[in-house]
Amino acid sequence: MTALKGANVFVTGGSRGIGKALVEELYVRGAAKVYATARDPRTVTHPDAVPVALEVTDPASVAAAAAQAEDVTVLINNAGAVVGASFLDSPIDDVRREFETNFYGPLLLTRAFVPVIERNGGGHILAMHSVLSWLALGGSYSASKAALWSQTNSLRLELEPRGISVTGLHMGYVDTDLAAGVDAPKSDPRDIAVLALDGVETGAHEVLGDDLTRQVKAGLAGELAGLYPQLAK
Ligand SMILES: NC(=O)c1ccc[n+]([C@@H]2O[C@H](COP(=O)([O-])OP(=O)(O)OC[C@H]3O[C@@H](n4cnc5c(N)ncnc54)[C@H](OP(=O)(O)O)[C@@H]3O)[C@@H](O)[C@H]2O)c1
């Protein structure tokens, strides 16, 4: 369990979407300091947040960001992007780019911040997965989020004994720029931020953000045609 009151928290992609909602909710819960990253830090508008420039795919940028935030005990690996490349038809570089952002980016951040969090006495890491970690409808996006889910599960085993708890968040569509082109029910980013931070504070290993995500997770135990009706004979 990790108290957020008085905590120093680092949120990647904190200028818009779910990240912005997380920054706002962290201050509601009494966080002492919230670092909010963006590729252009001028886009961080929260009056109390500390803007930090960060490109998650660039190791030098990650190192520079971590060096500015040596008092952190909670890392929120929120930044992510959708390319949604087709495995058969898209340039292979599009598939790689999605993994650079959604898999290697959070890994670089975690490697940079684990020593920081340990020096500060332990803490927490929150990772943004997706319902598409469990449902392969998004091409390379789904694959990158499935790989991130597995990364989180491995990191949890390594980090719990070192005093760092790990929470993974899975959810369907959320009303942000990322899902702007989607015509389907979407969660409010503020509701997702509340659920995610409840998960951090209660020490949940996993947080499921909506009914769709609960249904899909339950479906993993059944036949594949349950999740993919087009496979039904
Ligand atoms: N929205 C959904 O439906 C949904 C559903 C499930 C999971 N998620 C996940 O939730 C997380 C937040 O998504 P969102 O909906 O809030 O998306 P969003 O509104 O599009 O915002 C994405 C954030 O990620 C940052 N980002 C993207 N690529 C980056 C890079 N290469 N380096 C540094 N920062 C980068 C952006 O920073 P800049 O401001 O610098 O561009 C922005 O702050 C993502 O991991 C996403 O995959 C979203």
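The values are calculated or read from the model by the stated rules, or taken from the named source; none is laboratory data. Just so it is clear, the structure is predicted and the values come from calculations on it, not from any experiment. As a convention, Cβ positions derive from the backbone with ideal geometry for all residues, glycine included, and neighbour counts pool all protein chains shown. Keep in mind that these areas ignore ligands, DNA and RNA; they rest on the heavy atoms of the full protein, side chains included. Shrake-Rupley method; radii C 1.70, N 1.55, O 1.52, S 1.80 Å.
A helix-only calculation puts the chain at -12000 deg cm²/dmol for mean residue ellipticity at 222 nm, using -39500 (n - 2.57) for each DSSP H run of at least four residues, averaged over all residues. Mind checking which of 107, 132, 88 has the largest fluctuation in a GNM of the chain, springs on alpha carbons under 10 Å? Comparing 107, 132, 88 in the GNM, the peak value goes to 88.
For segment 1-106, the set of chymotrypsin sites (Phe, Trp or Tyr not before Pro) satisfying both a DSSP loop assignment and a count of at most 13 other C-beta atoms within 10 Å is given as 87.
What does the charge count around residue 13 come to, taking other residues whose C-beta lies under 10 Å from its C-beta (Lys +1, Arg +1, Asp -1, Glu -1)?
Residues near residue 13 contribute +3 overall.
What whole-number value in Å² describes the accessible area per residue of the chain for a 1.4 Å probe? Intermediate values should be presented prior to the final figure.
On the way: 11150 Å² over 233 residues.
On a per-residue basis, the chain sits at 48 Å².
Within the listed set 167, 202, 12, the Gaussian network model of the chain (springs between alpha-carbon atoms below 10 Å) gives the highest mean-square fluctuation for 202. Element breakdown for the chain at a 1.4 angstrom probe: carbon and sulfur atoms account for 55% of the accessible area.
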